[in-house]
Structures are given as structure tokens and as C-alpha cells.
Amino acid sequence: MEITNEKINDANLLIKGEFPKETIDAQVEKLAKEAGKQLKVDGFRKGKVPAHIVKKMYGEKLEQDAEGEIIREMLNKAYEEAGINPQEIIGEPMFKKYEKGEEKVEAEIQICLRPKFDVEGYQKAVPEYELPDVSDEEVEERIKALAEQAAPLVSLEEDRPLQEGDTAVFDFTGYLDGEPFEGGSAQDFELQIGSGQFIPGFEEQMIGMKKGETKRIKVTFPEDYQAPNLAGKETEFEITLKDIKVKSEPKIDDELAKTVTKKEEATLETLKEQVTEQIRTEKLSKLYNEELKPKLLEALVEAYEFDLPENIVEQEVDNLANQKAQSLSKEELEAIQGNAEKIEELRESVRDDAVRSVKATFIVDAVAKAEGVDVSDQEVSQALYYEALMAGQDPEALLKYYQKNNLFPAVKMGMIEDKLFTQLLDLDNAGKK
């Protein structure tokens, strides 16, 4: 077996191998003999199946296995000759050539290596920033909004009709074809007019009603309504308005602070401090996501030059091309489908972004190791669990989806990036600056 190593660059190596066809035949014979000791075939004692019978039954599979073992042997020898630690290899080897002639087999395989570079000096990429100011007016406005939310509903003393924004207390009965339908009635139901909680047209027709008034309205259920017997049907509702409630006058005092913070020792002053910190955190988060993070990432990418593993870049090109394709119109997609030239144009249009993305990933990974930043699998699971709860989704189902689609590594890398950047920017102590 003849093997040569051709260094493309620091991250990519081309391995060329050439071996006689007889090498595969000999390997097939060896595998057939080994299999014959395990197989049970009618007419032969177990473990005594001749090699030629095994080859007749499983010839194609044996040849594939033989070729696989020879290629593995070829790669291992190449790694040894090139002084490569298999742990440095990233991704799967890429076949550039595999030709089976009558006398010999020629193979060219490209392997990709994890980039090596010195991250010293990364601190210079960290941008300076000023802690966002929080004005008294912003704090007062936020507390006023909290007071309005916390203000209880009270019955309207003024004798006026129901209007948008009021909360109506009413009884109602729904009729389909003149008969009451199941689930279509309630007593003392409270509904904020204008909230859109009921089907279109219902709340609008209640506007103008007075306390004690009974009214019949007609509404048509949406075509996609969950109850098939009501979907798209015109119905009639009898409504009796029993009360009109409005928000009471908001009170900004220590009691509000206790209600909002759920702490008995809270005061208006401590609430102001809490709200101030909350607004500052929100502003800092906005500053981080919109300015600091992009600046830091851009500075890091510009600070280092190193070769990238081709297979990882191509994977990212495919990923970004697929994302871009999803945003194309039906006509644009039809123009691309089956057109190799157009598909390649699409891939090339995202190549620069793919290169920068892959480069950024390796830089963040290296700097994170230098800073001792890591994220455990448990932290990833907890973050996804919380995200599902906040979105009203089934946490277990979301976790299974991410596991099945191998999305954990991407989420983990994103969390490591944010944890690292937070540490580099010293955001956790920003409020103390």
C-alpha cells in the first residue's frame, strides 16, 4: 500500500493511497472465513460454512466491509506518518477520489483538523461602554404603570353605557338554530371589552349597553373554530348586562410596593430601587444584544487569521443556504430546483457569512477555554425547559425534539458565547460601576 500526505493548509490534509486489487480480494477472503465460523447455513454444520458459500451469499457486503477496513488502515498509517493525533481530526473524512481499476484502487481522502492559533491578546477586542442612565421620569412612569395594573376593579358609579376598556359582568346564552348549544352559556362572566377574548363581533355589539339591559346579538363563528358544530355557523346570543367595572384610581404607596414585590417589608422607596435596577438591566441587555455583542464578535474575528476546516465551512454554507432558501418566493424556489448552477450561486452568496460564522465559533471556543468558561449539559436542559414553560410549550417534548435533531451543541455554543461575553464585558458587575 502506497500512501502520501499532501498538506493543503494547517487545517486540511489530502491523503493519497494506492493499493492492489488483490488486497481487497484477500480481505474479502479473510472476512468470509471469519463469518463462516459464526453463520448457520442449511447443509453445513454451524461454524463450518465454506468461504466461497459465504461470498456467494454476502459478496457485496463483504466487499464493502473489506474496502472500509483497508481505508481505515490507510488513514491510520497516514495519521502516523503525518504525526496527527486522531483527536485533532474534526468532522468526517471527505472522499475526493475513489477509483477501482482492474489492477489497483486509487483513493484520495481529505481530512480536516481543528484549527490551532494563539488567542493571546483577546482582551484588546473588548469594547468600552458606559452604563445606561435611568431617569427619575422613567422610574415614575414604570411605577405608574404598575399601579394601574395593580388597581382593583370597582363597579362604575356613573350612569353611563358600556364602552371599550370597561369590564362587563353579564349572563349570556348562545343559540344555534333556535336551540341553546352546549358550552354556550355562563353567569356573572367578566369580560374586558376590546380584549378580543370573544369571537369577532361579540364585544363590539355589547358597547352601548346599560346595566340591567338584555340584548340579543348575532355572530358568526370562524371557519376554523375548534368546535366543528359551530365552525362557520351563525348563532344568536342573549346577553344581560349586570354590572360595569372600571379600574379604581391607582395608588402609589407602600401598599403598592408590597403588592408588586410580594414582600411585607417592601416600601415605595425599595420599589423605586428595584424598578431602577430593572430598567437598567433591560437597557443593558438591549445594549449588549444590539451593540456590544456584535462589536466584540466582529473585533475577535478581525483579530485572528487561521485556516478553517473545509468540511465544517461547507456544512455551514449548506445550513445558511437552506435558511436563505426558506425566505425565497415560490417562483424563486422553482427557478433554483434542479438547476445546479443556480444552487451553486445560492451557496456562494452565503459563503462569506459561513466562513465568518465558523471562524467565530472556533475563536469563541478557544477564548472560552482560556477564560475557564463552560456550560454543562444540565444547564442547557434547564434553559430549554424554562424557555418551553415561558412559551407555554411541553418542556419534555421540546427537550426530546432538540435531542432528536442534534440541536443541543448549537444551543450550548450560544450559551457559552453569552456567558463568555458577559464575563469579558463584566456585565454582572456593571450595576456596581
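The values are calculated or read from the model by the stated rules, or taken from the named source; none is laboratory data. Note that this is a predicted model, so its numbers are computed, not measured. Every residue, glycine as well, gets a Cβ built from its backbone with ideal geometry; the counts of neighbours run over all protein chains shown. Areas reflect the complete protein model, heavy atoms only, side chains present, ligands, DNA and RNA absent. Shrake-Rupley method; radii C 1.70, N 1.55, O 1.52, S 1.80 Å.
If I ask for residues that are outside any loop (DSSP other than H, G, I, E, B) and farther than 21 Å from Val105 by Cβ, which ones from the stretch 36-63 would you list?
Gly36, Ala51, His52, Ile53, Val54, Lys56, Met57
Considering only the stretch 186-213, how many residues are over 19 Å from Leu153 (Cα atoms), open to solvent by 50 Å² or more (accessible area, probe 1.4 Å) and in a strand (DSSP E or B)?
0
Farther than 30 Å from Pro309 by Cβ, among the charged types (D, E, K, R) and touching a residue at least 12 places away in the same chain (Cβ under 8 Å): is that true of Glu106 in this structure? Give the derivation first.
On the way: farther than 30 Å from Pro309 by Cβ: no; among the charged types (D, E, K, R): yes; touching a residue at least 12 places away in the same chain (Cβ under 8 Å): yes.
No.
Only one of (1) part of a helix (DSSP H, G or I); (2) within 16 Å of the chain's Cα centre (by Cα); (3) of a type outside the set (Asp, Glu) is not met by Asn406, so which one is it?
Answer for Asn406: the failing condition is (1).
Could you tell me how many of the residues in the stretch 326-364 are open to solvent by less than 60 Å² (accessible area, probe 1.4 Å), within 18 Å of Pro294 (Cβ to Cβ) and either basic (Lys, Arg) or not in a helix (DSSP H, G or I) (or both)?
1
Kindly check whether there is at least one residue in the stretch 413-423 that is open to solvent by 70 Å² or more (accessible area, probe 1.4 Å) and of a type outside the set (Ser, Thr, Tyr).
The answer is yes, given that some residue of the stretch 413-423 is open to solvent by 70 Å² or more (accessible area, probe 1.4 Å) and of a type outside the set (Ser, Thr, Tyr).
Check Ile84, Ile89, Ile71 and return the single one that is open to solvent by less than 80 Å² (accessible area, probe 1.4 Å) and either of a type in the set (D, E, K, R) or in contact (Cβ under 8 Å) with a residue 60 or more places away in the chain (or both). Don't jump to the end; show me each part of the working.
Working: Ile89 fails: either of a type in the set (D, E, K, R) or in contact (Cβ under 8 Å) with a residue 60 or more places away in the chain (or both); Ile71 fails: either of a type in the set (D, E, K, R) or in contact (Cβ under 8 Å) with a residue 60 or more places away in the chain (or both).
Step by step, each of Ile84, Ile89, Ile71 is checked, and only Ile84 is open to solvent by less than 80 Å² (accessible area, probe 1.4 Å) and either of a type in the set (D, E, K, R) or in contact (Cβ under 8 Å) with a residue 60 or more places away in the chain (or both).
From the list Lys258, Lys283, which residue is among the charged types (D, E, K, R) and closer than 30 Å to Leu425 by Cα?
Lys283
Could you give me the residue pairs with C-beta distances under 7 Å whose first residue belongs to the stretch 344-356 and is touching a residue at least 40 places away in the same chain (Cβ under 8 Å), whose second residue is open to solvent by less than 50 Å² (accessible area, probe 1.4 Å) wherever it lies, and which are 6+ apart or on separate chains?
What qualifies is Ala354/Val313; Ala354/Glu316; Ala354/Val317; Ala354/Leu320; Val355/Leu308; Val355/Val313; Arg356/Val301.
Check the stretch 112-129 and report whether any residue there is part of a helix (DSSP H, G or I), over 30 Å from Lys283 (Cα atoms) and not β-branched (Val, Ile, Thr).
Narrowing the stretch 112-129 to residues part of a helix (DSSP H, G or I): 122-125.
When the remaining residues are screened for being over 30 Å from Lys283 (Cα atoms), the result is none.
No, the stretch 112-129 contains no residue that is part of a helix (DSSP H, G or I), over 30 Å from Lys283 (Cα atoms) and not β-branched (Val, Ile, Thr).
Of everything in the stretch 15-24, what is open to solvent by 20 Å² or more (accessible area, probe 1.4 Å) and either in contact (Cβ under 8 Å) with a residue 40 or more places away in the chain or under 13 Å from Met74 (Cβ atoms) (or both)? Give them in sequence order.
If the condition is that a residue be open to solvent by 20 Å² or more (accessible area, probe 1.4 Å) and either in contact (Cβ under 8 Å) with a residue 40 or more places away in the chain or under 13 Å from Met74 (Cβ atoms) (or both), then Lys16, Glu18, Pro20, Lys21, Thr23 are the ones that fit.
Looking at Val367, is it within 19 Å of Glu120 (Cα to Cα) and surrounded by 13 or more Cβ atoms within 10 Å (Cβ to Cβ)?
Yes; evaluated as a whole, the condition is true for this residue.
Listed here are the residues, each with its yes/no results for (1) at pLDDT 95 or above; (2) surrounded by fewer than 16 Cβ atoms within 10 Å (Cβ to Cβ); (3) out of contact with any His (no Cβ under 9 Å at 6 or more places or on another chain); (4) closer than 30 Å to Thr4 by Cα.
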residue	(1), (2), (3), (4)
Gly121	no, yes, yes, no
Leu131	no, yes, yes, no
Glu138	yes, yes, yes, no
Arg142	yes, no, yes, no
Glu158	no, yes, yes, no
Pro161	yes, yes, yes, no
Asp166	yes, no, yes, no
Val169	yes, no, yes, no
Phe172	yes, no, yes, no
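For the stretch 19-38, name all the residues that are farther than 17 Å from Glu60 by Cα and among the hydrophobic types (A, V, I, L, M, F, W, C).
Phe19
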